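K.L.:
Here it is, the structure in full.
The values are calculated or read from the model by the stated rules, or taken from the named source; none is laboratory data. All values derive from a computational prediction rather than experimental measurement. As a convention, Cβ positions derive from the backbone with ideal geometry for all residues, glycine included, and neighbour counts pool all protein chains shown. The area values use the complete protein model at the heavy-atom level, side chains included, leaving out ligands, DNA and RNA. Shrake-Rupley method; radii C 1.70, N 1.55, O 1.52, S 1.80 Å.
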Amino acid sequence: SDENAQRKIKRKSALYGWFSGETATNSQGSFMLYKFGKESQHSWYVSFIKKADWQIYKTDNISKAEVKAMFENNKLALIK
């Protein structure tokens with residue numbers, strides 16, 4: 001939203017994550033991670049959709065293989 005776009009982050013380094021609401025009800029959801037430090041910044045996005053099972057739908061700045069590896073290494077988890 002325009003209001004959120006005007007918010008300024010005043011830290012020198014931070015890690016922020018955003019996730020969508022009503023994921024189970026909508027059978028789709030998304031997660032975005034934004035990490036920044038004094039010298040660098042990185043962000044990525046992944047969305048999920050539920051057909052028969054949950055699957056990765058779209059990604060940006062991260063591959064589907066990297067997201068799958070996070071699930072396999074218990075870095076991310078979906079509630080069934």
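K.L.:
Using 0.36 nm times the number of residues separating residue 22 and residue 59, minus their current alpha carbon distance, what extension gain do you get?
P.N.:
11.4 nm
K.L.:
Next question, about the same structure. Could you report segment 1-71's accessible area per residue, 1.4 Å probe, as an integer in Å²?
P.N.:
The answer is 82 Å² per residue.
K.L.:
Tally up the carbon and sulfur contribution to the accessible surface of the chain as a whole percent, 1.4 Å probe, everything protein left in place.
P.N.:
48
K.L.:
Per DSSP H run of n ≥ 4, the term is -39500 (n - 2.57); total these for the chain, divide by its residue number, and report the mean residue ellipticity at 222 nm rounded to 500 deg cm²/dmol.
P.N.:
-4500 deg cm²/dmol
K.L.:
Which option, [x] 13.9; [y] 14.2; [z] 13.4, is the value of Kirkwood radius over Cα pairs in Å that was calculated from these coordinates?
P.N.:
Step by step, Kirkwood radius over Cα pairs in Å for this structure corresponds to label [y].
K.L.:
Let me ask something else. Along Cα→Cβ, 7 Å out, is where each label goes; now give me the distance between the ones at residue 68 and residue 14 in nm to one decimal.
P.N.:
With each label point 7 Å from Cα toward Cβ, the separation is 3.4 nm.
K.L.:
Let me ask another. Within segment 20-36, which residues have the backbone N less than 19 Å from the label spot 7 Å out from residue 49 along Cα→beta-carbon, could you tell me?
P.N.:
20-32
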